[in-house]
Amino acid sequence: MTTTTSPAPTLEVRALSKSYGARPAVDGLSFECRPGSVTGFLGPNGAGKSTTLRILTGLAEADQGTALIGGRRYRELDRPGRSIGVMLDARALHGGRTGIETLRLAARTLGMPAARAEEVLETVGLADAARKRVSGFSYGMRQRLGIGVALIGDPSVLVLDEPANGLDPEGIRWMRRLLRSFADAGGTVLLSSHQLREVEATVDRLVVVSGGRLVREGPLEELTAVAGTRVTALDAAALRRALDTHGIAFEPRADGELAVSLAPEDMGRLALRENLVLTSLGAGAGTGLEEVFFSLTGHVEPSAVEPAPVLPTA
Amino acid sequence: MRPDIDLRAFLDTRGAAILLTLTLLAVLGFAALGGLLQPALTPDGSSDLESTVFVLTLPLMLIIPALTVWITAGEWSDRSIQTTLLQRPGRLGVLSSKAVTALVVFAVLVALTIALAAASTWIGGELIGQRAILSSIEGVMTTQLATLSATFLFSLAMGVLLQSTVLGLVAAIGVPFMVGTAANLAAAFGAETLSDVVRAVDLTSAAVALAEGTAGAFELLPLGLLVVLPLAVGARRWLHREIG
């Protein structure tokens with residue numbers, strides 16, 4: 001985004017539902033992405049992320065609910081690439097065209113000057129591969145070109161599905177800077193990714209889905225704080241009741257432990273007030289998005305159940 | 001509707017460059033074969049335009065389906081339809097635009113074919129043989145042009161209906177071949193019922209009859225069954241098919 005003449009549109013998903021046969025892919029999903037922020041869209045495989053993004057961008061039709069960009073459906077937008085840049089699948093780029101032809105065609109479609117193609121090719125770091133055909137690109141290069149196609153119309157909204165896939169560490173750093181500067185300039189970014197560390201380093205807000213439903217939405221700090229304090233009590237049921245009574249979010253962990261969205265000292269005060277005997281209390285070691293993700297989506301951390309692979313000895 | 005974009009999108013791929021080069025070579029080769037060699041094969045040493053175009057029709061019966069199906073269905077097969085529809089979400093507009101693009105390519109190809117056929121017929125008849133017969137252009141416009149138009153329309157319908165390059169090509173080339181074979185068998189065995197059934201799906205014969213002005217209501221049946229119906233079903237599928 002190079003200009004900020006008007007605020008970027010908000011992305012709104014309202015009560016969205018979509019089923020394939022009897023299987024619901026998206027089930028009453030609602031969330032928002034606001035201008036000036038990078039929103040991470042997280043969920044395990046089959047959680048409904050890609051279906052939601054396809055509905056948002058007019059590639060699929062919802063059974064119920066709406067997905068709007070600035071209050072309008074994607075298909076109603078005139079030259080949508082001028083307001084929303086989308087990269088869902090880098091393999092959808094035609095392999096028979098060169099990098100520069102791909103961008104020139106996109107620029108022409110969106111009514112952008114032809115020089116914009118060279119400019120974007122430089123931005124995505126593919127200037128040296130301008131004359132190379134896309135079929136000869138590595139996956140990382142395709143990702144960069146896909147992001148270039150998304151940026152060609154100088155949009156104020158970016159929707160990217162797994163943009164870091166195939167990128168080398170330098171490419172990931174480049175993408176992180178790109179998204180940050182885009183949001184800092186007032187743009188709206190919705191980023192779907194499996195790479196939790198990458199998401200944690202990039203996003204401001206999180207939308208976590210599982211089984212097609214919204215599990216949690218909010219600022220990254222707030223959500224990661226959920227796993228901030230680990231607590232166990234002599235009477236686990238009484239502890240849960242007390243937390244419910246005070247409206248404090250918690251997630252059950254292994255061995256009856258709860259991850260609570262309170263600072264340890266506040267948890268101690270609450271236990272005192274409720275006459276609870278705590279058997280352990282403290283900040284959880286290694287708290288972060290990965291733990292939040294596994295606890296919110298109900299997926300078990302692989303390391304917790306799977307034995308470490310045995311390496312052959314020499 | 002942006003046929004300029006679709007034409008450019010078609011032309012600037014490597015596959016299209018190869019296909020168009022082969023098309024040009026085939027048209028030039030068959031034009032030479034038809035126009036220049038005719039005097040050596042005819043008793044009066046003449047070269048007839050209609051015969052030259054007939055020879056050229058043989059490769060065009062393969063080239064027209066290839067180009068038309070590629071333009072209409074190619075992006076579905078290579079998945080680049082996703083990029084197209086993200087930039088141009090009006091699906092009906094994209095479909096119409098691709099149909100217009102295919103029509104433009106077909107018209108240019110046919111015009112080039114007739115021009116080359118006329119040139120090679122004149123060279124063959126006047127410079128190599130005894131005489132060139134260019135007055136048969138009327139027969140070209142009714143029989144050959146109608147045949148090529150039927151091929152184009154059926155290919156367009158198959159591309160729109162099947163939205164797959166491979167399936168579209170198999171149907172666009174295979175079905176007319178099967179209908180032609182069935183028509184010959186029906187005629188050979190004198191089976192009237194089979195003959196009527198074949199007539200109902202013989203688009204080429206119906207197109208020629210329409211062009212000659214001898215068509216009845218029955219000749220509209222192949223047009224409805226093989227062009228209008230698949231186009232309508234394909235357009236509906238095009239509008240609602242999920243991409244991803």
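We did not get these values from a lab; they are worked out from the coordinates using the rules stated. It should be emphasised that the depicted structure is a prediction, and the values quoted were computed from it without experimental measurement. Don't worry about glycine lacking a Cβ; one is built from the backbone with ideal geometry, like all the others, and counts go over all protein chains shown.
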>> What's the whole-number percent of alpha carbon pairs in region A:187-259 lying beyond 14 angstrom?
In response: 69 percent
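Roughly how crowded by other chains is peptide A:85-94, in terms of the mean Cβ count from those chains within 10 Å of each of its Cβ atoms?
On the way: counts 1, 4, 2, 5, 5, 1, 4, 12, 5, 13.
What the average comes to for A:85-94 is 5.
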>> Tell me the angle of helix B:203-212 to the major Cα principal axis of chain B, expressed in degrees between 0 and 90 and rounded to the nearest ten.
In response: 60 degrees
>> Taking 35 Å as R0, compute the FRET efficiency from the Cβ-Cβ separation of B:Leu28 and A:Thr66 and round it to 0.05.
In response: 0.05
> What's the center-to-center distance, using Cα atoms, between region A:63-126 and region A:16-54 in Å?
Replying inline: 21 Å
>> Using each residue's phi in region B:129-141, evaluate 6.51 cos²θ - 1.76 cosθ + 1.60 at θ = phi - 60° and report the 3J(HN,Hα) Karplus result to the nearest Hz, with x for Gly and Pro.
In response: x, 8, 6, 10, 9, 9, 6, 7, 4, 5, x, 4, 5
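Using mean Cβ contacts within 10 Å as the protection proxy, how do A:33-39, A:156-162, B:165-171 order, highest first?
Details: A:33-39: 21.0, A:156-162: 24.0, B:165-171: 19.0.
Top to bottom by mean Cβ count within 10 Å: A:156-162, A:33-39, B:165-171.
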>> Averaged across B:73-86, how many Cβ atoms of other chains sit within 10 Å of each residue's Cβ atom?
In response: 6
> What residues have an amide H closer than 5 Å to that of A:Ser210, excluding those fewer than 5 places away on the same chain, when H is modeled at 1.01 Å from N in the peptide plane?
Replying inline: A:Val215
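Give the peptides A:142-148, A:119-125, B:55-61 in descending order of average Cβ contacts within 10 Å, highest first.
The most tightly packed comes first, giving A:142-148, B:55-61, A:119-125.
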> In whole Å, what is the distance between the alpha-carbon centres of region A:208-254 and region B:20-42?
Replying inline: 79 Å
>> Can you compute the FRET efficiency between B:Arg79 and B:Ala200 using 1/(1 + (r/R0)^6), with r the Cβ-Cβ distance and R0 = 30 Å? Round to the nearest 0.05.
In response: 0.25
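At a temperature of 25 °C and a viscosity of 0.890 mPa s, determine how fast region B:3-240 diffuses translationally according to Stokes-Einstein, using the Kirkwood radius over alpha-carbon pairs as Rh; express D in µm²/s, rounded to the nearest whole number. Walk me through the numbers before you get to the answer.
Values: Rh = 19.0 Å.
Translational D for this selection: 129 µm²/s.
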>> Just to compare against my own numbers: the Cα pair-distance distribution for chain A, 20 Å bins, whole % per bin, please.
In response: 29, 50, 19, 2
>> Relative contact order of chain A, please, whole-number percent, based on alpha carbon pairs below 8 angstrom and at least 6 residues apart.
In response: 20 percent
> According to the Cα gyration tensor, what semi-axes, each the square root of 5 times an eigenvalue, does the equivalent ellipsoid of region B:122-199 have, listed from largest to smallest in whole Å?
Replying inline: 32, 21, 11
>> Restricting to DSSP H runs of at least four residues, report the calculated mean residue ellipticity at 222 nm for chain B, -39500 (n - 2.57) per run over all residues, nearest 500 deg cm²/dmol.
In response: -25000 deg cm²/dmol
> How high is the relative contact order of region A:160-233, in percent, counting Cα pairs under 8 Å that sit 6 or more residues apart?
Replying inline: 24 percent
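Could you work out the local net charge near B:Ser135, counting Lys and Arg as +1, Asp and Glu as -1, over the other residues with Cβ closer than 10 Å to its Cβ?
On the way: positive: none; negative: B:Asp48, B:Glu50, B:Glu138.
The answer is -3.
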>> I'd like the orientation of helix B:14-41 relative to chain B: the angle between its Cα long axis and the longest Cα principal axis, in ° from 0 to 90, rounded to 10.
In response: 20 degrees
> Taking amide H positions as placed 1.01 Å from N in the peptide plane, with prolines and chain starts having none, which residues 5 or more places from A:Thr279, or on another chain, fall under 5 Å of its amide H?
Replying inline: A:Thr232, A:Ala233, A:Leu234
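Can you give the mean number of other chain Cβ atoms that lie within 10 Å of the Cβ atoms in peptide A:142-152?
On the way: counts 0, 0, 0, 0, 1, 0, 0, 3, 2, 0, 1.
Partner-chain Cβ atoms within 10 Å, mean over residues of A:142-152: 1.
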> Where does chain A land at 222 nm, in deg cm²/dmol rounded to the nearest 500, when only DSSP H runs of n ≥ 4 count, each adding -39500 (n - 2.57), divided by all residues?
Replying inline: -9500 deg cm²/dmol
> Any idea what the dipole of the protein assembly as shown comes to, in debye rounded to 20, about its Cα centre with Lys/Arg Cβ at +1 and Asp/Glu Cβ at -1?
Replying inline: 540 debye
>> If I model a spin label as a point 7 Å beyond the Cα along the Cα-Cβ vector, how far apart are those points for B:Phe218 and A:Arg34 in nm?
In response: 7.4 nm
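Express the relative contact order of region B:3-240 as a whole percentage, based on alpha carbon pairs under 8 Å and six or more residues apart in sequence.
Normalised by residue count, the contact order of region B:3-240 is 25 percent.
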>> I need the peptides B:138-149, B:106-117 ranked by packing, meaning the mean over residues of other C-beta atoms within 10 angstrom, with the highest value on top.
In response: B:138-149, B:106-117
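Report the far tail of the P(r) of region A:127-193, meaning the percent of Cα-Cα pairs longer than 17 Å. All intermediate terms of the calculation are to be shown ahead of the outcome.
Numbers: 907 of 2211 pairs.
In whole percent, the long-distance tail amounts to 41.
Taking the radius of gyration and the Kirkwood hydrodynamic radius from Cα positions alone, what is the Rg/Rh ratio for the protein assembly as shown, to two decimal places?
Working: Rg = 31.9 Å, Rh = 27.8 Å.
When Rh is taken as the Kirkwood radius, the ratio is 1.15.
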